[in-house]
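J.: Before I ask anything, here is the structure I am working with.
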Amino acid sequence: MTADVVAVVLLLAVAAYACAGGTDYGAGFWDLVAGGARRGRRPRWLIDHAMAPVWEVNNVWLVFVLVIMWTGFPVLFQRLFQSMWLPLALAAVGIVLRGAGFALRKPAQRQAGRRLYGTVFAVSSLVTPFFLGVTAGGVASGRVTADADPSTHAWAHPTPVLFGLLAVATTALLGAVFLAADARRFDAPDLAGYFRRRALAALGCVAVLAVSTLAVTRDDAPHVWHGLTHGAGLGFVVAAAVGTLATGLLLARGATDAWSRVAAVVVVASAVIAWGMAQRPYLVPTTLTVSEGAGADTTLRWLGLVTLVALVLVVPAVALLYRLDTRGELESLTDADLRRGGAGDEG
């Protein structure tokens, strides 16, 4: 029973990271395809200002995922990092380079430096969610087994690759929807339309890839396919489909407000939870159940208590940060602001 509760918490943490971190990765994706220095200047200006207050805090959900996994389900953690070491290593490198590229791009004085750091940030924003999705697909297809040999490339198969592409598409959707709303906050209506059109294109890609992934899992991951087409898994698939329709209607009507953000988040969160529900009662379909992969009961009870305390401390703080950010109260000072402040002090 305790293991099942901790497994649900792990799934919710994965969903939270897919939504919060996915929005940041999506912003990097649109930075990558914004075009040259001149054509991409305004979209990159918006991305810089919109991401600056929150890009680091979204990784708190990734920390939750790692801590819960290695403490609560050490067998899964061992198998995952043994059989999926290459995509996980590439994702880890991407996370590090992405943060470094974003942090160093703004203060770079020379155009060549800004271009180099911007490229590192943007390419890493594409690579990281792809390989994280590939890893999830490897789990869903049951290839993370005790005797998995890394040389067999457990992730180079249709389901993992489609999971990776779907992860990139969903981050692009979230990034475009949130940036469209941010454009109105920064009084840039032209960019609201710019990112709204891209959100619609990303939504179409998400729908096509989701249907393709569902079709491929029928033969490549039959346990997950059965879970996605029956019971609770089917319920969340329907929720994701309804969210997709709602997002499309809102964007088609020109809405770039909070409702479009909520609808896009429902799409991604429902898809992640549907995957988790479809795997029940397995952590790795047909080879490792939740009870088999769980740690000792005492460890799980303490993990549950510590997680509860952490959520009580972290969730209100993160919610306050998101609220202040969406209300525009965390914008950094410009050079003109600093000069005005200096003149006032001297007076």
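J.: With an 8 Å cut-off on Cα pairs and a minimum separation of 6 or more residues, tell me the relative contact order of the chain in percent. Display every interim value, and only then the final one.
T.: Working: 490 pairs, mean separation 79.7, N = 347.
Relative contact order, the chain: 23 percent.
J.: If you average 1/r over every pair of different alpha-carbon atoms in segment 40-89 and take one over that average, what Kirkwood value in Å do you get?
T.: The Cα-based Kirkwood calculation yields 13.4 Å.
J.: Mind giving me the FRET efficiency for residue 302 and residue 257? R0 is 25 Å, r the Cβ-Cβ distance, nearest 0.05 is fine.
T.: Numbers: r = 43 Å, r/R0 = 1.71.
E between residue 302 and residue 257, to the nearest 0.05, is 0.05.
J.: To the nearest 10 degrees, how steeply does helix 189-220 sit against the main Cα axis of the chain, on a 0 to 90 scale?
T.: Helix 189-220 sits roughly 10 degrees off the main axis of the chain.
J.: Can you work out the FRET efficiency for the pair residue 59 and residue 2, with r the C-beta to C-beta distance and R0 = 25 Å, to the nearest 0.05? Walk me through the intermediate numbers first.
T.: Numbers: r = 27 Å, r/R0 = 1.09.
For R0 = 25 Å, the calculated efficiency reads 0.40.
J.: Place a +1 charge on the Cβ of each Lys and Arg in the chain and a -1 charge on the Cβ of each Asp and Glu, then give the dipole magnitude about the Cα centre in debye, rounded to the nearest 20.
T.: 1040
J.: Which of these values of semi-axes √(5λ) of the Cα gyration tensor in Å was calculated from the structure shown: (i) 36, 23, 20; (ii) 38, 28, 18; (iii) 33, 27, 18?
T.: Of the listed options (i) 36, 23, 20; (ii) 38, 28, 18; (iii) 33, 27, 18, (i) comes from this structure.
J.: Apply the Karplus parameterisation 6.51 cos²θ - 1.76 cosθ + 1.60, with θ equal to phi minus 60°, to every residue of segment 10-24 and state each ³J(HN,Hα) to the nearest whole Hz, in sequence, with x for glycine and proline.
T.: Karplus values, whole Hz, x for Gly and Pro: 4, 5, 5, 5, 4, 5, 5, 5, 4, 7, 6, x, x, 4, 5.
J.: Another question, then. Which whole-number percent is the relative contact order of segment 117-199 (Cα, under 8 Å, 6+ apart)? Walk me through the numbers before you get to the answer.
T.: Details: 79 pairs, mean separation 22.7, N = 83.
Value for segment 117-199: 27 percent.
J.: Please identify which residues in segment 163-202 have an amide N closer than 16 Å to a label point set 7 Å out from the Cα of residue 42, following the Cα→Cβ vector.
T.: 179-198
J.: Who wins for biggest fluctuation among 140, 103, 317 in a Gaussian network model of the chain, springs between alpha carbons below 10 Å?
T.: Answer for the Gaussian network model of the chain: 317.
J.: Around residue 257, what is the net charge, scoring Lys/Arg as +1 and Asp/Glu as -1 over all other residues with Cβ under 12 Å from its Cβ?
T.: Summing Lys/Arg as +1 and Asp/Glu as -1 gives +4.
J.: P(r) for segment 5-80: what percent of alpha-carbon pairs falls in each 5 Å bin, starting at zero?
T.: Calculated P(r), rounded to whole percents: 3, 15, 20, 16, 13, 11, 9, 7, 5, 2, 0.
J.: Next question, about the same structure. Given the rule -39500 (n - 2.57) for each run of at least 4 DSSP H residues, summed and divided by the residues of the chain, what is its mean residue ellipticity at 222 nm, to the nearest 500 deg cm²/dmol?
T.: Value at 222 nm, helices only, nearest 500: -27000 deg cm²/dmol.
J.: Shifting gears a bit: Modelled label-to-label distance, residue 186 and residue 52, 7 Å Cα→beta-carbon offset: nm?
T.: Rounded to a tenth, the inter-label distance reads 0.9 nm.
Read the figures in this text as sums done on the coordinates, not as results from a lab. In this text, all values refer to a predicted model and were calculated from it rather than measured experimentally. Here the Cβ is made from the backbone with ideal geometry for all residues, glycine too, and neighbour counts use every protein chain on show.
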